[in-house]
Amino acid sequence: MKFKKSAAIFSILTLAATTSPLTFAEDSGWYIGGNVGQSRARLDDHKIISDVVPISHAFINDNTIDGGYKLYAGYQLNKYFSVEGGYFDLGDFQFNHSIAPNGVIEANMQVRGANLDVLGYLPLTDKFSAFARVGVNYALTQDTFNVTNAPGVVGGELSGRDTFPKAGVGLEYKFNESWALRAEAERYRISNAITDHNNIDLYSIGVVYRFGGSKKVASVKAAPAPAVTAAAPRFEKMSISATELFTFDSAEVNQAQPELEKLTTTLQSSSEPKRVNIVGHTDRLGSDDYNQKLSEQRALAVKNYMVAKGIAADRLATEGKGEKEPVVQCNDKNRGKLIECLQPNRRVQIDKIEVELEVAP
């Protein structure tokens, strides 16, 4: 049975791939592989016998299933396409016919050849892909006819070479960057060495070895982890308008505060800075005592908001400065315009909130 021969060649291929030194570049797209499997011939054996022996004959039996294999090399153009060429042996097939009164014609067909294909891949996961192939195969078909108990009927040998299109589909699973497993179904169109054309299907499984894959894995493992050091915190100020944080004349923080959420996330990701200052400010409208108390209440409200989001209370210090540190000066007589003009003074100022991480080259 041809399976033993196929398995031996397949083993030699695998051994050569694992023991030979890599001669391709680290980013090489080259690969080699081998498949073994079962071939099934779809032959019009009655027509083949009729073309050789022009006398009456009748079918006895046939064997159109055998072991087949192929060896190939290819180049991966990109993630989705590769070009592949190789050698195939589709096996031997037999079919026997009788000739009256006691004659027998024993026919044997052997098919070998070479192919060149383009493969298109459809990645299903990081490791698993489906693919389809189209290409051409150049096949040599050798037919042998032996005749017994039929005087005057002579056997012989015929051979034919021809080029036909071929196609196939398959699945590939990557074990790692170097090794992959393939399962395929292909159809080869061949000449039957006489006048007609027939099909042979090869169902196979095999392995693929990609050059340069082991070097890529090794380089990734050997690469030192980048050193990450915390630079000294850069203390900056963040000012949030009290109009955004609170309703007028109130110390209750409104919901949905994107600036405070961003600040909270920053503080949660680092233990620095150790202390954050929250300072409340008001405009000059109202008494000094009232404004001082309102500014303290608003600073405390922001602290409570951040504590509720998971920031440790002992990292947050609050202070109220009332109307003592205005940003703008306004002299409008109209109260509505004055309130609008003084808006920048109504704010909550937060110090020491930015932390930077420096990655060493």
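The values are calculated or read from the model by the stated rules, or taken from the named source; none is laboratory data. Please read all numbers here as calculations on a predicted model, not as lab measurements. Virtual Cβ from ideal backbone geometry, glycine too; neighbours counted across all protein chains shown.
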Against the condition modelled with pLDDT under 80 and either more than 14 Å from GLY322 (Cα to Cα) or touching a His at 6+ places or on another chain (Cβ under 9 Å) (or both), how does SER295 come out, does it pass?
no
Give the residue that is nearest to the chain's Cα centre (by Cα), with candidates limited to residues of the stretch 56-81 that are surrounded by fewer than 12 Cβ atoms within 10 Å (Cβ to Cβ) and under 14 Å from HIS97 (Cα atoms).
ASN61
All but one of (1) farther than 30 Å from ALA58 by Cα; (2) touching a residue at least 24 places away in the same chain (Cβ under 8 Å); (3) among the polar types (S, T, N, Q) hold for SER191, so report the exception by its number.
(1)
Filter result for the condition that a residue is within 30 Å of ASP51 (Cβ to Cβ), touching a residue at least 40 places away in the same chain (Cβ under 8 Å) and in contact with a strand residue (DSSP E or B) (Cβ under 6 Å, 6 or more places away or on another chain), over ASN137, ASN102
ASN137
Which pairs have Cβ atoms under 8 Å, sit 6 or more apart or on different chains, and link a residue in the stretch 36-53 that is at pLDDT 80 or above to one that is in a helix (DSSP H, G or I)?
VAL36/PHE3; VAL36/SER6; VAL36/ALA7; VAL36/PHE10
Conditions: (1) of a type in the set (A, V, I, L, M); (2) part of a strand (DSSP E or B); (3) at pLDDT below 80. ALA317 meets all but one. Number of the miss?
(3)
